[in-house]
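What follows is a single structure, written as structure tokens, with notes after it.
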Amino acid sequence: MYPDYSTSNIYPSAISSAFAYQGSYNTVSSLEPGNGYWLKFDADGSIGHIGPPITSLEIPVRQQWNMIGSISQSIPVSSITSIQSGIVTSNFFGYQGNYVISNTIEPGQAYWVKVNQAGYLIFTSTAIEV
């Protein structure tokens, strides 16, 4: 059985649609691991998720700006690689009331990154699974 990645299942307390960025903002009803989204909530809080951990992802990126997601573990930006050689990324920017440079990609967060060519960024956890 596949997990239910519908926005209403993952973020039932959201007071807006989920928005993805692919050259422009678009509303989406289902979320995909590795993509970044923004949603609005009426209060601060945290939301726990149950499911199998995502320990690695190949995240597709387009030339220019991308909003990307994360895997289930924190990973340092310095550990992110790409399939194609020559992909150059800007800093990764998270949002904490304003945009800030992030040195670590955190689970459940979205980040902005600019790349010089289309390709895939590789996120891999170094955590040992038991």
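The values are calculated or read from the model by the stated rules, or taken from the named source; none is laboratory data. The structure presented is a predicted model; accordingly, all values stated were derived computationally and were not measured. Glycine also receives a Cβ, built like all others from the backbone with ideal geometry; neighbour counts cover every protein chain displayed. All accessible areas refer to the heavy atoms of the entire protein, side chains included, with ligands and DNA or RNA removed. Shrake-Rupley method; radii C 1.70, N 1.55, O 1.52, S 1.80 Å.
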For the stretch 86-120, what are the residues that are part of a loop (DSSP other than H, G, I, E, B) and surrounded by 12 or more Cβ atoms within 10 Å (Cβ to Cβ)? 87, 90, 91, 106, 107, 108, 109, 110, 116, 117, 118
What number of residues in the stretch 1-52 are at pLDDT below 85, of a type in the set (Asp, Glu) and open to solvent by 100 Å² or more (accessible area, probe 1.4 Å)? 1
Is the stretch 69-85 home to any residue that is open to solvent by 30 Å² or more (accessible area, probe 1.4 Å), touching an Asp or Glu at 6+ places or on another chain (Cβ under 6 Å) and closer than 21 Å to residue 11 by Cα? yes
Can you tell me which residue within the stretch 74-100, out of those that are touching a Gly at 6+ places or on another chain (Cβ under 8 Å) and within 19 Å of residue 64 (Cβ to Cβ), is modelled with the lowest pLDDT? 84
When residue 46 is run through (1) in contact with a Gly (Cβ under 9 Å, 6 or more places away or on another chain); (2) more than 28 Å from residue 117 (Cβ to Cβ); (3) touching a residue at least 60 places away in the same chain (Cβ under 8 Å), the failure sits at (3)
Going through 12, 33, 53 one at a time, which residue ends up being of a type outside the set (S, T, N, Q), assigned to a loop (DSSP other than H, G, I, E, B) and touching a residue at least 60 places away in the same chain (Cβ under 8 Å)? 53
